[in-house]
Amino acid sequence: MGSLGVLRNTTMVCVPLMRHSVEQMVGDMYQAKMEGADLIELRLDCLKELDPQRDLQTLLRNKPLPVAVVYRPKWEGGLYDGDENSRLEALLLAKDLGAEYVDFELQVASDVMEKYNLNHRKNCKIIVSCFVDGITSLKEDLSHLVTRMQSTGADLIKLVTNATDITELSRIFHLLSHCQVPLIAYSTGERGLISQLLGPKFGGVFVYGSIEGNQVPGLPSLASLREAYGVENIDADTKVFGLISKPVSHSKGPILHNPTFRHVGFNGVYVPMFVDDLKQFFNVYESPDFAGYSVGIPYKEAVMEFCDEVHPLAQSIGAVNTIVKRHSDGKLVGYNTDCEASITAIEDALKARGLVNGEALLPSPITGKQFVLVGAGGAGRALSFGAKSRGARITVFDIDYERAKALALAVSGEAIPFEELSNFQPEKGAVLANATPIGMHPNKDRIPVSEETLRDYSVVFDAVYTPRKTTLLKDAEAAGVITVSGVEMFLRQAVGQFNLFTGGKAPEEFMREIVLSKF
């Protein structure tokens, strides 16, 4: 554990404004300040009609924060398609009228700097930018590009790439750590998100976020940068944890783990990691800076191959949902916190309603009950082994019948073809556990079983937690059945993960308060 300090990096949070009117931009500037921005990027090319003399005076006279002025042409991914000299003159006017930063594209920067003698400017800093579309395969390619940008005499350089795989981002982190000129560098899209979130750790000058009600595609919200990720607290010593998954945008982990790290004074950040290839990912992110991972769909079983050691419980289940990089030797150790989290959530719900099989001496309220499991993946395996340990009788359904049979064999249960699920009649008082994505946002209206059979169950558990109350849980409640949300399992497994990540004891009540207020 370590103390966070007050402000440990010099990264500024920048909000790009892409409105069509000057009036909207002025309003958004004040909203950005209110939401905690340090800097505003004015995208002049997004304005429908720009009168540089009039509109720049209005914008710069009303700026509540420092501004960076950008007038991006179509040939560099922007919207401006007019006379090039007029565009450059508008940027030079912005410099003269008091803009703190003006952005020129690499293609024109050297000529502009020389022609207008910008190397001797005083109050305005020049950003030289370049957007790399597609794959630049070698680190040396980007390094060469950065060298060219530095040679223009820029105060700051900005490099934006379009990552097709999360492993490409390691090149950006390398550049941020070694660049001789202040560098803004990130990658767009869901696979590039961590390049923006981790910029402060590796020395990035700006991190970009959107204001509420004006979301810029591919950027995190300003609120999430401040409240969830706490970017102002991230520094070179911050340990990185994240969710390895595909997809990953549904994850609530960042809004739970990050505030809890800060609450206990642990210097860590938890980020979503969209991973396409596990082998490539672990080969690239070997640094001790990347200290641990949650593992989500569809990797809980496959990830075991990449663990140096696996905890006996996770080994018996055949699924890992937590990986910790051991301090002493850097080895990856796999654990499973899903198992106890899901089963204790079901048990506690039954105990709260007094449904304990009528016998207080039974080891668990699910002992002897039929446990109907839908989904034989990582979460399903955790549920089934937990149920087996409590003496339940397990019935497994999975769209992959061979996988269902393999799991049933491992827990001395029964596998039934998935197509029979709609007509399946459970025993009275059985437990139903959904461990599939059925019902997850955005396909929220589906349920995995026949609605008519729900009243035969004593309790219905749904591992899906987005939305918090799924259609399955709503229908089960309407049938008078006890329900257990995946949010409860999520909280309990996260407590276990937090303990493994930090080596400390998770503040469970604090975490529960976050879940109840944010989920």
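Within the stretch 465-483, none of the residues are over 21 Å from E452 (Cβ atoms), outside any helix (DSSP H, G or I), open to solvent by less than 20 Å² (accessible area, probe 1.4 Å) and aliphatic (A, V, I, L, M). Do you know which residues across the stretch 62-110 are closer than 23 Å to D133 by Cα, part of a helix (DSSP H, G or I), of a type in the set (D, E, K, R) and open to solvent by 50 Å² or more (accessible area, probe 1.4 Å)? Once the filter is applied, which keeps residues that are closer than 23 Å to D133 by Cα, part of a helix (DSSP H, G or I), of a type in the set (D, E, K, R) and open to solvent by 50 Å² or more (accessible area, probe 1.4 Å), the stretch 62-110 yields K74, E84.
State which residue is farthest from K239 (Cα to Cα) when the search covers only the stretch 484-519 and only residues that are among the polar types (S, T, N, Q) and outside any loop (DSSP other than H, G, I, E, B). Ranking the candidates gives S517 first. Restricted to the stretch 209-237, and to residues that are surrounded by fewer than 24 Cβ atoms within 10 Å (Cβ to Cβ) and hydroxyl-bearing (S, T, Y), which residue is nearest to G265 (Cα to Cα)? Restricting to residues being surrounded by fewer than 24 Cβ atoms within 10 Å (Cβ to Cβ) and hydroxyl-bearing (S, T, Y), the top hit is S224. Quick check on the stretch 33-55. Is at least one of its residues touching a residue at least 60 places away in the same chain (Cβ under 8 Å) and aliphatic (A, V, I, L, M)? Within the stretch 33-55, one or more residues are touching a residue at least 60 places away in the same chain (Cβ under 8 Å) and aliphatic (A, V, I, L, M). Could you tell me whether any residue of the stretch 60-74 is touching a Gly at 6+ places or on another chain (Cβ under 6 Å), under 22 Å from T152 (Cα atoms) and charged (D, E, K, R)? Checked against the condition, which is being touching a Gly at 6+ places or on another chain (Cβ under 6 Å), under 22 Å from T152 (Cα atoms) and charged (D, E, K, R), the stretch 60-74 yields at least one hit.
The residues of the stretch 171-187 that are closer than 19 Å to G218 by Cα and in contact with a Phe, Trp or Tyr (Cβ under 9 Å, 6 or more places away or on another chain), listed by number, are I172, F173, I184, A185, Y186.
Against the test of being out of contact with any Phe, Trp or Tyr (no Cβ under 7 Å at 6 or more places or on another chain), modelled with pLDDT of 95 or more and open to solvent by less than 20 Å² (accessible area, probe 1.4 Å), the options A314, A319, A341 yield a single qualifying residue, A341. For the stretch 32-61, residues that are crowded, with 18+ Cβ neighbours inside 10 Å and either modelled with pLDDT under 95 or not aliphatic (A, V, I, L, M) (or both) total 7.
For the stretch 238-266, name all the residues that are of a type outside the set (G, A, S), over 16 Å from A223 (Cβ atoms) and open to solvent by less than 30 Å² (accessible area, probe 1.4 Å).
T238, V240, F241, L243, I244, V248, H257, T260, F261, F266
Yes or no, residue by residue, for (1) within 29 Å of A352 (Cα to Cα); (2) touching a residue at least 60 places away in the same chain (Cβ under 8 Å):
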position: R381; (1), (2): yes, yes
position: E402; (1), (2): no, no
position: A410; (1), (2): no, yes
position: F424; (1), (2): yes, no
position: V431; (1), (2): yes, yes
position: P442; (1), (2): no, no
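Looking at S328 and the list (1) assigned to a loop (DSSP other than H, G, I, E, B); (2) among the small types (G, A, S); (3) surrounded by 22 or more Cβ atoms within 10 Å (Cβ to Cβ), which single condition is not satisfied? For S328, the exception is condition (3). Residues in the stretch 12-26 that are open to solvent by 40 Å² or more (accessible area, probe 1.4 Å) and either within 18 Å of K95 (Cα to Cα) or not basic (K, R) (or both): M12, M18, H20, E23, Q24.
Do we find a residue being of a type in the set (V, I, T) and buried (at least 22 other Cβ atoms within 10 Å of the Cβ) anywhere in the stretch 279-293? Checked against the condition, which is being of a type in the set (V, I, T) and buried (at least 22 other Cβ atoms within 10 Å of the Cβ), the stretch 279-293 yields no hits at all.
A Cβ distance below 8 Å, combined with a sequence gap of six or more or placement on separate chains, defines the contacts here; from the stretch 63-78, residues that are at positive phi reach residues that are surrounded by fewer than 18 Cβ atoms within 10 Å (Cβ to Cβ) and assigned to a loop (DSSP other than H, G, I, E, B) in the pairs G77/D133.
The values are calculated or read from the model by the stated rules, or taken from the named source; none is laboratory data. This one's a predicted model, so the numbers in the text were calculated from it and none came from an experiment. Ideal geometry is used to build each Cβ from the backbone, glycine not excepted, and the neighbour counts take in all protein chains shown. For the accessible areas, the whole protein counts, side chains as well, though only heavy atoms, and no ligand, DNA or RNA atoms are used. Shrake-Rupley method; radii C 1.70, N 1.55, O 1.52, S 1.80 Å.
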